[in-house]
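Right, one structure below, let's go through it.
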Amino acid sequence: MIAANSFIQALKRQGVGLFAGVPDSLLAPFCACLRDECSANEHVLTANEGNAVALAAGYYLATGNPGVVYAQNSGLGNCVNPLASLTDPEVYAIPLLLIIGWRGEPGVSDEPQHVKQGRITPRQLELLEIPYHVLASDSDYETILDTVFDEMRRTQAPSAVLVRKGTFEPFTGKSRMPSPGLRREDALREIVTLADPDDLLVSTTGKTSRELFEIREQRGERHADFLTVGSMGHASSIALGTALGNPRRRVICLDGDGAALMHLGALPIIGNVKPANLLHVLLNNAAHESVGGQPTVAGAMDFEAIVRACGYRYYRRVDDVAGLRRAWRALADGAAGPAMLEIRIAVGARSDLGRPTMTPEQMKTAFMEAARDDG
Ligand SMILES: Cc1ncc(C[n+]2csc(CCOP(=O)(O)OP(=O)(O)O)c2C)c(N)n1
């Protein structure tokens, strides 16, 4: 296996002065090491992967040095536009190195949302005409990086390294205190208890959806929630579409702060459309907890100011179950949507958390049956 700090040092020796990206569980040791080893000016955790490409481009314009963009392969979609229309050799010809976590690699079992993405990742890079090297635990990464950086200097174009599962050694790094407070799972369990059986729930990517699925299982309830297992950042827009499609039912979006940040532009659209039946719950742990707990900027953000400026009609922030119950009663007393309920939660999850046992197709069918406008 490769030690993440040796790999980062090797990148720095190639002249890399900027690392930007969105974390991935497969790259977790690399991301954790960046957090420990780099200054705030050397490492920027961006809202989405396309922003990271643009950031690396701006850095190159100022320094002439290629930056590194790291991402899960799901984030390649967010990168396509700036890769094709900004950094491409037929446009501005800006070299940068993409370090991509290869979830769903053929032959490696993974969740449904990763299977197709994993299969098409090499071909997506080929289509973008981005050369790539595969990095595995036994790779001679120094030689690979020499080749890649020589190539980038020659072609003035982006290049990629596709990282296999298990490539990096676990990284312990600086110890971090687990954050105290309400656990996401307990907040979700309370919401499921407080919600009306008629409410339609749309949950975000990562452990929120896995926990919601388990809670339904424990309660012996039918699975009729829409789990946004991939498509990070789009749960609120899915919820908006559902709320418009069935105005008689309340739609509850269970969002994460990392996901909300990824496509923050959805908020003013919700605020402008003003669906009275949309409740946007923001589970804010100021971290990408599902993929290793890397910090987001949401801990310091004033979501009340943001959503009010975006046109939401109601906002409340809570940080414990009692506050959650009070806020829920206030909502039931006629607070019209779109409403945001921000719940400050702790970073952390159970280590034995399971994964949905139904296929996405089965979950879609169950949700559609529950969501059908029967008025
Ligand atoms: C486009 C894209 N980029 C990255 C990922 C990897 N990923 C899955 S969950 C997650 C973190 C989500 O963070 P947040 O919304 O704050 O929820 P939390 O995990 O903290 O509950 C990330 C980065 C992804 N699935 N899709």
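The values are calculated or read from the model by the stated rules, or taken from the named source; none is laboratory data. Being a predicted model, the structure only gives us computed values, none of them experimental. Cβ: placed from backbone, ideal geometry, glycine included. Neighbour counts: every protein chain shown.
Does ARG210 qualify as being over 20 Å from LEU34 (Cβ atoms) and within 16 Å of the ligand (Cβ to nearest atom)? Criteria met by ARG210.
The set of residues in the stretch 87-114 being surrounded by fewer than 16 Cβ atoms within 10 Å (Cβ to Cβ), under 24 Å from the mean Cα position of the chain (by Cα) and of a type in the set (A, V, I, L, M) consists of VAL108 alone. Restricted to the stretch 213-238, and to residues there that are in contact with a Phe, Trp or Tyr (Cβ under 9 Å, 6 or more places away or on another chain) and over 18 Å from GLY354 (Cβ atoms), the residue that is surrounded by the most Cβ atoms within 10 Å (Cβ to Cβ) is ALA235. Can we say VAL321 is out of contact with any Lys or Arg (no Cβ under 7 Å at 6 or more places or on another chain) and buried (at least 19 other Cβ atoms within 10 Å of the Cβ)? No; evaluated as a whole, the condition is false for this residue. Kindly indicate whether LEU331 is in contact (Cβ under 8 Å) with a residue 24 or more places away in the chain and assigned to a strand (DSSP E or B). Against the criterion (in contact (Cβ under 8 Å) with a residue 24 or more places away in the chain and assigned to a strand (DSSP E or B)), LEU331 does not qualify. Since THR204 meets every condition but one in (1) surrounded by fewer than 20 Cβ atoms within 10 Å (Cβ to Cβ); (2) in contact with a strand residue (DSSP E or B) (Cβ under 8 Å, 6 or more places away or on another chain); (3) under 22 Å from ASN246 (Cα atoms), which condition does it not meet? Every listed condition holds for THR204 apart from (1).
Within the stretch 235-251, the set of residues being under 25 Å from SER74 (Cα atoms) and either part of a strand (DSSP E or B) or within 16 Å of the ligand (Cβ to nearest atom) (or both) comprises ALA235, SER236, SER237, ILE238, ALA239. Scanning the stretch 315-352 for residues being closer than 30 Å to ASP24 by Cα and over 24 Å from the mean Cα position of the chain (by Cα) gives a total of 1. The number of residues in the stretch 14-71 being assigned to a loop (DSSP other than H, G, I, E, B), within 14 Å of the ligand (Cβ to nearest atom) and among the aliphatic types (A, V, I, L, M) comes to 4. Does SER179 satisfy the criteria of being of a type in the set (Gly, Ala, Ser), under 23 Å from GLY256 (Cα atoms) and out of contact with any strand residue (DSSP E or B) (no Cβ under 7 Å at 6 or more places or on another chain)? Spelling it out, SER179 is indeed of a type in the set (Gly, Ala, Ser), under 23 Å from GLY256 (Cα atoms) and out of contact with any strand residue (DSSP E or B) (no Cβ under 7 Å at 6 or more places or on another chain). Taken over the stretch 82-129, the criterion of being in contact (Cβ under 8 Å) with a residue 24 or more places away in the chain, in a helix (DSSP H, G or I) and not hydrophobic (A, V, I, L, M, F, W, C) is satisfied by PRO82, PRO112, GLN113, HIS114, GLN117, GLY118, THR121, PRO122, GLN124. Within the stretch 285-299, the presence of a residue that is more than 16 Å from the ligand (Cβ to nearest atom), under 27 Å from ASN48 (Cα atoms) and assigned by TED's automatic domain parsing to the domain that holds LEU212 is excluded. Scanning the stretch 300-314 for residues being aromatic (Phe, Trp, Tyr) and either closer than 30 Å to LEU27 by Cβ or outside the structural domain of ASP257 (by TED's automatic domain parsing) (or both) gives a total of 1.
Taken together, the residues in the stretch 266-284 that are outside any helix (DSSP H, G or I) and more than 15 Å from the ligand (Cβ to nearest atom) amount to 6.
In the stretch 337-356, what count of residues is obtained for those that are in a loop (DSSP other than H, G, I, E, B), out of contact with any Cys (no Cβ under 9 Å at 6 or more places or on another chain) and in contact (Cβ under 8 Å) with a residue 12 or more places away in the chain? Residues that pass the stated criteria total 11.
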